[in-house]
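The values are calculated or read from the model by the stated rules, or taken from the named source; none is laboratory data. Please read all numbers here as calculations on a predicted model, not as lab measurements. Quick reminder, even Gly has a Cβ in these numbers, built from the backbone with ideal geometry, and neighbours come from all protein chains shown.
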Amino acid sequence: MPSDPITLREQPEFEGDYRPVPSNNPHAHLDPQNVRVEATDIAYLAQLSDALSTTLDLETLLTRTSELVRAIIDYRIFAILLLNDRTHELRMRFQIGHTAEVQKMRIPVGKGVVGQVAQTRQPLLINDISSVEGYIPANQDVRSELAVPLIAKNRLIGVLDIESEKANYFRQEHLHLLTLTASRIAQAIENARLYTRVSRQAQTLTVLNEISAELTSILDLDALLARIGQLLRRLIDYQMFSIMLLDDKGETLITRYAWRFGYAHAPLRRIPITSGLVGAAVREWRPINVPDVRKDSRYLEMNPETRSELIVPLFHKGRIIGVLDLEHTRAGFFNEEHERTLTTMGAQVAIAIENARLYQAVKRQEQQLERDIAMAREVQLRLLPPTAPEHAHADMAVRFLPARTIGGDLYDFVDYGMGRTAIVLGDVSGKAAPAALFAALVSGIMRSAALHQPEPAQMLTQLNDALQERRLESQYVTMLFALWDDETRTLQVANSGAVQPIFCREGQSLKVRAEGLPLGLFPNVAYEAIPVTTLPGDVVIFISDGILDAENEQGEMYGEEQLTGLLCSLREQPAARIADAILADVTRFQGSKDRFDDETIIVLRVR
């Protein structure tokens with residue numbers, strides 16, 4: 001047997017049991033090699049096709065291939081090596097008889113026997129490997145080798161390789177049969193890989209959908225970043241991972257979360273976008289996939305164990321907010337599928353991060369608002385008199401319950417001297433801080449005007465004119481301004497759209513029919529005052545509409561009928577007890593229904 005490797009094109013005519021199949025082509029004798037198809041070949045190919053077409057599982061396919069080849073060639077060492085298109089290296093995808101160390105080998109195209117087969121796309125039969133220059137001695141006992149390329153649709157996908165410890169072990173028939181086998185196996189492997197890839201993509205999309213749903217529910221940024229790292233391991237088996245976010249100026253990447261060999265850690269790293277691989281991903285607006293960082297001058301060493309690195313920028317509304325950075329100790333670990341997966345997940349991660357940031361910003365604003373409201377409430381309560389004034393012939397009390405932290409109701413007692421007191425009850429449009437601020441404005445104007453002790457009607461006119469000068473859109477106030485004269489036991493009541501006062505006399509309830517337009521809505525409005533002469537035992541109440549409009553769970557309002565009935569039943573009680581009893585009854589009526597409006601009541605009981 002010759003000692004040099006021969007290719008299929010150099011083979012002489014086969015000898016032995018192979019016979020040509022008769023041909024019906026009258027010109028077959030012109031080129032016998034083109035019509036030289038053995039019946040045994042056809043039977044073998046049919047058996048091979050049947051065996052390979054019954055599965056799309058790559059592992060099962062490779063196992064069946066090894067069994068089919070063993071049926072025609074009694075080998076002891078067998079391997080199918082597949083080509084990595086990105087690194088141009090061959091690695092064992094399936095093997096029998098090789099050691100674990102050999103199985104881990106990466107063989108560059110052009111190196112060794114299988115590398116030459118991959119490069120030339122021609123089979124090789126080597127009868128004595130000692131004569132082959134550049135042979136890779138994976139097994140010291142091997143003496144002969146047979147290798148054929150696996151080609152599908154004119155694209156090399158790998159090499160099928162058989163070795164023997166005996167010299168001159170493989171015959172030309174073996175080469176012929178293995179070449180026939182390779183032609184069928186190559187396409188079957190491609191189909192199986194395509195099926196595996198599609199199945200993996202479907203599984204990846206399912207996992208990405210689950211991850212997306214979970215990430216959008218996490219609004220704490222630190223917890224979100226940690227969870228991103230955990231969920232990402234369901235898709236990519238990385239060894240080191242970090243999330244870096246851009247600072248407010250968009251000039252520096254800051255590490256917010258890092259994971260290294262099973263442990264989370266957060267080193268404070270700040271990398272300008274002008275340097276490093278992470279900076280390149282930001283500057284170039286694209287993923288950066290480096291098979292070997294030692295060969296890339298842009299790399300900034302953070303982890304000395306790193307060999308390959310994959311960086312994907314995080315985009316949100318046309319801008320980059322940060323990067324996802326994956327590292328591995330094995331060179332060329334990250335492939336195009338990893339890049340696509342991380343890019344797809346990065347879009348969801350960016351949205352989740354921005355949502356968490358927005359939530360934290362809103363939360364900070366709410367906390368600041370709560371502090372501001374608490375301060376405003378403190379100011380408001382200091383503006384409201386804590387108790388009602390005392391008079392010889394009048395027992396007065398006031399109670400105030402805001403619907404929210406601060407409210408729009410205002411009340412006051414202004415000393416007019418000579419035993420006279422102005423009773424003020426107003427209700428500003430709106431709620432919370434804006435209403436409270438407007439109420440403070442109205443109260444300040446009223447207090448300033450009261451220095452001149454205008455009559456009730458004049459006071460309302462002055463307030464309306466002042467608010468017209470300081471007009472605020474959609475802001476107005478309704479107000480009762482009543483002047484109590486303790487000497488004569490009389491009231492002068494002026495009203496600008498507020499609830500009309502109610503008083504009870506000898507068990508009968510009456511209304512003070514004072515009316516008028518709200519303050520601040522229209523210019524040049526004139527108001528009038530209604531005089532009321534009281535008798536000992538009379539009870540007069542001034543209320544905001546929050547009392548009458550209070551609702552229960554059924555949507556029913558408290559109403560005037562319940563109020564007047566309760567008021568007359570309590571007419572013998574002190575003013576404070578009357579006020580407390582009315583508010584308690586309103587609260588009972590509301591039940592679990594939230595209070596939607598301020599509730600203010602001023603009680604005047606004539607002694």
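Taken as a whole, the structure places Ser474 among residues that are on the phi > 0 side of the Ramachandran plot and surrounded by fewer than 17 Cβ atoms within 10 Å (Cβ to Cβ).
Look at (1) touching a helix residue (DSSP H, G or I) at 6+ places or on another chain (Cβ under 7 Å); (2) closer than 22 Å to Ala392 by Cα and you find that Ala575 fails only one, number (1).
Is it true that Leu451 is of a type in the set (A, V, I, L, M, F, W, C) and without any contact (Cβ under 8 Å) to a residue 12 or more places away in the chain?
Details: of a type in the set (A, V, I, L, M, F, W, C): yes; without any contact (Cβ under 8 Å) to a residue 12 or more places away in the chain: yes.
Here the answer is yes, as Leu451 does meet what is asked.
For region 324-371, a tally of residues being among the aromatic types (Phe, Trp, Tyr) and assigned to a helix (DSSP H, G or I) returns 1. The numbered conditions (1) touching a residue at least 40 places away in the same chain (Cβ under 8 Å); (2) of a type outside the set (A, V, I, L, M); (3) in contact with a helix residue (DSSP H, G or I) (Cβ under 9 Å, 6 or more places away or on another chain) are all true for Asp580 except (3).
Return yes or no: is Ala361 crowded, with 17+ Cβ neighbours inside 10 Å and either within 24 Å of Asp248 (Cβ to Cβ) or in the same structural domain as Gln230 (by TED's automatic domain parsing) (or both)?
Values: crowded, with 17+ Cβ neighbours inside 10 Å: no; either within 24 Å of Asp248 (Cβ to Cβ) or in the same structural domain as Gln230 (by TED's automatic domain parsing) (or both): yes.
In short, no.
Within region 504-540, take every residue that is within 60 Å of the chain's Cα centre (by Cα) and not in a loop (DSSP other than H, G, I, E, B) and give me the one that is nearest to Gln458 (Cα to Cα). The selected residue is Leu519. Filtering Ala350, Ala374 for residues that are touching a His at 6+ places or on another chain (Cβ under 8 Å) and not β-branched (Val, Ile, Thr) leaves a single hit, Ala350. Tell me, yes or no, whether region 394-403 has at least one residue that is in contact with a Gly (Cβ under 8 Å, 6 or more places away or on another chain) and either within 24 Å of Leu521 (Cα to Cα) or part of a loop (DSSP other than H, G, I, E, B) (or both). Scanning region 394-403, I find at least one residue that is in contact with a Gly (Cβ under 8 Å, 6 or more places away or on another chain) and either within 24 Å of Leu521 (Cα to Cα) or part of a loop (DSSP other than H, G, I, E, B) (or both), so the answer is yes.
Asn464 meets all of the listed conditions (1) among the polar types (S, T, N, Q); (2) within 23 Å of Thr600 (Cβ to Cβ); (3) out of contact with any strand residue (DSSP E or B) (no Cβ under 9 Å at 6 or more places or on another chain) but one, namely (3).
Could you identify the single residue in Arg588, Arg571, Arg577, Arg595 that is farther than 18 Å from Leu510 by Cα, outside any helix (DSSP H, G or I) and assigned by TED's automatic domain parsing to the domain that holds Ala394? First the steps, then the outcome.
On the way: Arg588 fails: outside any helix (DSSP H, G or I); Arg571 fails: farther than 18 Å from Leu510 by Cα; Arg577 fails: outside any helix (DSSP H, G or I).
Checking each option against the conditions leaves just Arg595.
Check Gly419 against each of (1) surrounded by 16 or more Cβ atoms within 10 Å (Cβ to Cβ); (2) in the same structural domain as Thr488 (by TED's automatic domain parsing) and name the one condition it does not meet. Going through (1) surrounded by 16 or more Cβ atoms within 10 Å (Cβ to Cβ); (2) in the same structural domain as Thr488 (by TED's automatic domain parsing) one by one, Gly419 breaks only (1). Of all residues in region 269-285, those being β-branched (Val, Ile, Thr) and closer than 18 Å to Phe241 by Cβ number 3. The single residue among Ile136, Ile162, Ile211 that is of a type in the set (A, V, I, L, M), surrounded by fewer than 16 Cβ atoms within 10 Å (Cβ to Cβ) and either in contact with a Lys or Arg (Cβ under 9 Å, 6 or more places away or on another chain) or not in a helix (DSSP H, G or I) (or both) turns out to be Ile136. No other residue among Arg91, Arg86, Arg106 is within 23 Å of Asn335 (Cβ to Cβ), among the charged types (D, E, K, R) and in contact (Cβ under 8 Å) with a residue 40 or more places away in the chain apart from Arg86.
Quick check on region 463-494: of everything there that is assigned to a helix (DSSP H, G or I) and farther than 28 Å from Glu390 by Cβ, which residue is farthest from the chain's Cα centre (by Cα)?
Restricting attention to region 463-494, the residues satisfying the condition of being assigned to a helix (DSSP H, G or I) are 463-469.
Among the residues that remain, those that are also farther than 28 Å from Glu390 by Cβ are: 464-469.
Numbers: Asn464: 52, Asp465: 53, Ala466: 51, Leu467: 48, Gln468: 49, Glu469: 49 Å.
Here the answer is Asp465.
For region 229-272, a residue qualifies if it is surrounded by fewer than 18 Cβ atoms within 10 Å (Cβ to Cβ), more than 22 Å from Ala347 (Cβ to Cβ) and hydrophobic (A, V, I, L, M, F, W, C), and the qualifying residues are Phe261, Ala264, Ala266, Leu268.
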